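Participant: For reference, the structure I am asking about is given below.
The values are calculated or read from the model by the stated rules, or taken from the named source; none is laboratory data. All of these numbers come straight from a predicted model, not from anything done at the bench. Every residue, glycine among them, receives a Cβ derived from its backbone with ideal geometry; neighbour counts consider all protein chains shown.
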Amino acid sequence: MNDFKDVNHLNGELLDEEKVLWESIVSRVQPALRLSDEETEAMKNHKLIRMFGLLPKFADCPNPEGTGFMNVVVYMAERNGGRDLFLHHPEHDNNILSRLQPFHNIMRKGNQEVVEKGLALASLVMLQDYQADREEDLAKNKYNPLNNGAWEFSSAREQLMKVINKAQAMRLDAVFALSVVTTMSFWNNTGY
């Protein structure tokens with residue numbers, strides 16, 4: 001079982017070719033979504049968005065730049081205008097990865113074990129957000145699968161860790177090691 005300790009020393013550093021790819025994706029997303037320079041800089045530095053953008057490269061998807069661009073556009077569209085369309089609903093309770101299905105669809109031609117690992121890492125970020133937001137969600141009467149009893153944090157985390165530990169993906173592990181993932185937030189501007 002990979003516990004990520006061997007790659008944590010890299011602390012999320014990108015290789016030069018990954019930096020070039022990420023810069024290119026960011027430069028294309030900005031005009032496509034009409035982002036301000038400030039919004040673009042925040043997007044560029046957001047670790048989870050960067051993971052979605054680079055996951056196609058790590059998973060050997062055809063056209064990783066185009067696929068990464070699509071991932072980032074979908075994430076940003078959800079975040080900035082369609083968040084209510086992608087909130088957790090009871091129909092997502094059966095599969096913790098179901099809310100990320102649009103990303104899976106975009107990357108269906110890549111190495112599926114690596115794609116699943118990346119989406120499980122992102123789902124772990126969501127799960128941590130659900131845990132942190134339990135009291136606030138309860139006060140706002142907002143659906144949270146942990147409050148509802150549909151999921152139990154430890155068992156859901158264990159399920160995700162099985163997927164994460166299943167695939168070997170050295171670059172994904174190096175850039176988005178578990179210690180990095182646990183500092184991220186799915187929607188908020190934290191975890192930069």
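Participant: Hey, can you tell me all the residues within segment 90-127 that are modelled with pLDDT of 90 or more and among the acidic types (Asp, Glu)?
Facilitator: Matches in segment 90-127: Glu113, Glu116.
Participant: Can Glu135 be described as more than 18 Å from the chain's Cα centre (by Cα), at pLDDT below 85, charged (D, E, K, R) and not in a loop (DSSP other than H, G, I, E, B)?
Facilitator: Criteria not met by Glu135.
Participant: Something else now. Suppose we filter Leu87, Leu14 for residues that are at pLDDT below 95, of a type in the set (A, V, I, L, M), surrounded by fewer than 21 Cβ atoms within 10 Å (Cβ to Cβ) and within 24 Å of Ala167 (Cβ to Cβ); which single one remains?
Facilitator: Leu14
Residues checked against (1) in a helix (DSSP H, G or I); (2) more than 26 Å from Arg157 (Cβ to Cβ); (3) in contact with a Gly (Cβ under 7 Å, 6 or more places away or on another chain); (4) in contact (Cβ under 8 Å) with a residue 24 or more places away in the chain:
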residue: Gln30; (1), (2), (3), (4): yes, yes, no, no
residue: Leu54; (1), (2), (3), (4): yes, no, yes, yes
residue: Met70; (1), (2), (3), (4): yes, yes, no, yes
residue: Arg79; (1), (2), (3), (4): yes, no, no, yes
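Participant: Quickly run through segment 11-28 and pick out the residues that are outside any helix (DSSP H, G or I) and charged (D, E, K, R).
Facilitator: Glu13, the sole residue that qualifies.
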